[in-house]
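The block underneath contains the structure these notes are about, expressed in structure tokens.
The values are calculated or read from the model by the stated rules, or taken from the named source; none is laboratory data. Not measured: the values here are computed from a predicted model. Cβ sites come from the backbone with ideal geometry, for glycine too, and all protein chains shown count toward neighbours.
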Amino acid sequence: MKNKQTKSLNLKLPALTDKDILKRLKSLGYLSDDFEDVNLLKELSGNKNQDIRYYAISNLAKLADDNLLEFFYLLIKSEKTSRNRREIASAIGRLRSAKAIDILLELLSDADPNIILQSIRGLLVFKKEKKIYNKLIKLRFHENELVQKIIEVEFFDKKNYSKNHSKSPDHLKNTIMLGDTFKILKKVDEESIHLTFTSPPYYNARDYSIYNSYKSYLKFLIRIFKQVHRVTKEGRFFVLNTSPIIIPRIGRKYSSKRYPIPYDVHKGLIDMGWEFLDDIVWAKPEPSVKNRVAGFAQHRKPLAYKPNCITECVMVYRKKSNKLIDWIYDQYPKSIIDDSKVPDGYETSNIWKIDPSHSKVHSATFPLELCDRIIQYYSFKEDLVFDPFAGSGSVGVSAKRNGRYFFLTELNKSYYDEMMRKLGKDLFDQ
Ligand SMILES: C[S@@+](CC[C@H](N)C(=O)[O-])C[C@H]1O[C@@H](n2cnc3c(N)ncnc32)[C@H](O)[C@@H]1O
């Protein structure tokens with residue numbers, strides 16, 4: 001069916017409010033070849049209301065008319081807002097006209113990275129031309145990260161992408177290993193894991209973790225997370241649960257010390273090649289956490305206020321990749337994609353209210369509801385889900401009940417024994 005086409009703007013200007021004009025501009029749809037009100041749109045592109053200017057420009061862009069090139073060129077010089085200038089640059093690119101090349105090349109030196117990105121998009125149409133190619137590849141070293149990325153993807157991505165993205169090594173499937181996760185990970189092949197969800201030791205805040213210093217603790221985590229990055233498949237996810245912790249004071253003369261673990265680890269993760277996606281907040285009921293506010297409640301003196309900490313961070317990262325999520329979908333059979341559809345009732349906000357769980361065996365277990373959400377939202381059926389600091393094995397239990405495979409490592413023998421009781425076989429027993 002042919003789209004309905006608009007022939008005129010139908011505006012009696014002096015009588016109309018900005019709201020009316022905007023409404024009309026937004027509702028225009030496709031413009032017909034004999035659209036009559038080009039001059040009116042041009043006039044509105046200079047209106048004092050920036051939204052009217054924006055929609056006038058985006059309607060002019062629909063005309064894809066070479067004759068507007070000079071007009072767009074003058075307009076981008078006079079327009080002040082980044083959003084409208086971006087729309088003009090996009091309009092110039094969408095002309096796909098060789099006549100626009102010089103203007104697009106000039107815009108590559110614009111101070112606004114949004115304009116540069118739009119110019120690149122426009123120029124990519126002509127990337128086979130030597131002159132354009134040479135100009136574009138130089139932008140690989142541009143200071144803006146998004147500019148670098150688009151050039152990298154278009155010209156320098158020579159990676160041999162695995163054809164087995166949806167598969168994982170059989171010997172790791174539903175396996176629990178006792179030992180230092182770093183040593184175990186060294187033996188795991190790269191690109192073996194689909195999803196890692198973990199909560200590392202809390203520095204020296206609990207009995208099972210003793211490190212010389214906070215610095216050495218962070219180094220310990222970074223070393224392990226580099227291995228996690230290596231074994232993670234193209235563009236897949238790493239979800240890290242941590243929270244700031246407190247080391248109590250050793251006497252009345254001294255103060256307690258708080259350590260912002262998630263914020264300190266974050267920079268290291270980015271530097272090693274994880275891309276930050278989301279910060280989910282796990283919120284617990286206030287009565288379930290340590291009461292820190294009781295002292296303040298008595299004296300109410302400023303500076304001594306200490307809120308009850310009911311939240312933990314659940315940070316979502318993705319292994320940096322030139323491939324989009326759509327590429328990942330294409331790696332799976334349709335039946336798996338269909339089977340993995342997230343059921344109704346999924347969480348819509350980034351504040352997840354979940355009660356903490358308690359275990360006789362382990363002092364800091366994940367609630368299964370938290371694991372279920374992470375596994376359902378960030379993996380497919382039959383994927384391999386990894387927890388390097390498995391503790392009581394909640395990630396394994398959740399992976400199993402959600403139709404995924406698990407791979408767990410744990411240093412502590414009694415936690416390992418408990419997991420084996422719950423979940424089964426060991427690699428070395430086979
Ligand atoms: C916060 S707990 C994880 C609890 C787990 N999420 C659960 O649901 O039970 C951290 C775990 O990491 C383990 N651990 C500490 N250092 C380790 C290492 N180098 N390799 C493997 N596990 C380690 C500890 O024994 C502890 O059980």
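May I ask you to say which residue of L221, L277 is free of Cβ contacts under 8 Å to residues at least 60 places away in the same chain and either within 25 Å of K159 (Cα to Cα) or in a loop (DSSP other than H, G, I, E, B) (or both)?
L277
For residues in the range 340-374 being surrounded by 11 or more Cβ atoms within 10 Å (Cβ to Cβ) and of a type in the set (D, E, K, R), which is farthest from N412 (Cα to Cα)?
The residue in question is E347.
Within the range 120-199, considering only helices (runs of 4 or more DSSP H) that don't extend past its boundaries, which have at least 1 residues that are in contact (Cβ under 8 Å) with a residue 60 or more places away in the chain and of a type in the set (A, V, I, L, M, F, W, C)? Please lay out each step first, then the result.
Details: elements: 130-138, 145-151, 181-186.
Once the helices (runs of 4 or more DSSP H) in the range 120-199 are filtered for at least 1 residues that are in contact (Cβ under 8 Å) with a residue 60 or more places away in the chain and of a type in the set (A, V, I, L, M, F, W, C), what remains is 181-186.
If the requirement is being of a type in the set (A, V, I, L, M) and buried (at least 16 other Cβ atoms within 10 Å of the Cβ), which of these qualifies: I137, I115? Spell out how you get there, then give the answer.
Numbers: I137 fails: buried (at least 16 other Cβ atoms within 10 Å of the Cβ).
Answer to the selection: I115.
Could we say that S398 is farther than 18 Å from F238 by Cα and either of a type in the set (G, A, S) or touching a residue at least 40 places away in the same chain (Cβ under 8 Å) (or both) here?
Considered against the rule, which asks whether it is farther than 18 Å from F238 by Cα and either of a type in the set (G, A, S) or touching a residue at least 40 places away in the same chain (Cβ under 8 Å) (or both), S398 comes out as no.
Please work out which one of (1) surrounded by fewer than 13 Cβ atoms within 10 Å (Cβ to Cβ); (2) out of contact with any Gly (no Cβ under 9 Å at 6 or more places or on another chain) is the condition P260 fails and give its number.
Going through the list (1) surrounded by fewer than 13 Cβ atoms within 10 Å (Cβ to Cβ); (2) out of contact with any Gly (no Cβ under 9 Å at 6 or more places or on another chain), P260 breaks only (1).
What number of residues within the range 242-274 are within 17 Å of F225 (Cβ to Cβ), in contact with a strand residue (DSSP E or B) (Cβ under 9 Å, 6 or more places away or on another chain) and of a type in the set (A, V, I, L, M, F, W, C)?
5
Name, by its number, the condition in (1) more than 8 Å from the ligand (Cβ to nearest atom); (2) closer than 18 Å to A283 by Cα; (3) not in a helix (DSSP H, G or I) that does not hold for F366.
Condition not satisfied by F366: (1).
Would you kindly identify the helices (runs of 4 or more DSSP H) lying entirely within the range 1-115 that contain at least 1 residues that are within 30 Å of E143 (Cα to Cα)?
Qualifying helices (runs of 4 or more DSSP H): 50-62, 69-78, 82-94, 101-107.
Exactly one of these conditions fails for N212: (1) near the ligand (Cβ under 10 Å from one of its atoms); (2) in a loop (DSSP other than H, G, I, E, B); (3) farther than 18 Å from N412 by Cβ; (4) not charged (D, E, K, R). Give me its number.
(1)
State yes or no: is K360 in a loop (DSSP other than H, G, I, E, B), closer than 20 Å to K167 by Cα and either in the same structural domain as D417 (by TED's automatic domain parsing) or within 13 Å of the ligand (Cβ to nearest atom) (or both)?
Against the criterion (in a loop (DSSP other than H, G, I, E, B), closer than 20 Å to K167 by Cα and either in the same structural domain as D417 (by TED's automatic domain parsing) or within 13 Å of the ligand (Cβ to nearest atom) (or both)), K360 does not qualify.
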